[in-house]
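Data block below; observations after.
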Amino acid sequence: MRVAVLRGPKDLVVEERPAPRPGRGEVLVRVHAVGVCGSDTHYYDHGRLGRFVVEQPLVLGHEASGVVVEVGEGVPATRVGERVSIEPGVPDLTCAQ
Ligand SMILES: [Zn+2]
């Protein structure tokens, strides 16, 4: 699969990487469209956004849509073919916020 990798400020390359396999409770999505978030532009222009500093290659494009093509353990097979949109933030459920 092709990914846009930011290696540093204004250093963006397209690379081929192996497609991931979905783990337990996960699905694999064939991405059809992806947005450019304001955070992506900060990472591209400045290599950082506030306290988050890009210190290693970063795959850009975290707001996407596509179709589920594979499911991991514990996910019903009926999810394959489902159209989805993605905001992949993982909540920290250990604090009040
Ligand atoms: Zn965003």
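None of the figures in this text is laboratory data; all of them are computed from the coordinates on show. Computed from a predicted model, the values in this text were never measured in an experiment. FYI the Cβ positions are ideal-geometry reconstructions off the backbone, even for glycines, and counts take in every protein chain you see.
This model, with +1 at the C-beta of Lys and Arg and -1 at the C-beta of Asp and Glu, gives the chain a dipole about its Cα centre of some 100 debye.
Its relative contact order, with pairs defined as Cα atoms under 8 Å and 6+ residues apart, puts the chain at 30 percent.
Protection proxy ranking for 10-22, 57-69, 83-95, using the average of other Cβ atoms within 10 Å per residue and placing the highest first: 57-69, 10-22, 83-95. Less than 14 Å from a label point 7 Å out along the Cα-to-Cβ axis of residue 17: which backbone N atoms in segment 55-76 qualify, by residue? Backbone N within reach: 55-63.
Remark: segment 82-90, residue by residue, has Karplus-estimated 3J(HN,Hα) of 6, 7, 9, 10, 10, 10, x, x, 9 Hz, where x stands for each Gly or Pro and the curve is 6.51 cos²θ - 1.76 cosθ + 1.60 at θ = phi - 60°.
The stretch between residue 32 and residue 52, if pulled fully straight at 0.36 nm per residue, gains 4.4 nm over its current Cα-Cα span. In this simple spin-label model, placing a label point 7 Å from the Cα along the Cα-to-Cβ direction at both residue 87 and residue 24 gives a separation of 2.8 nm.
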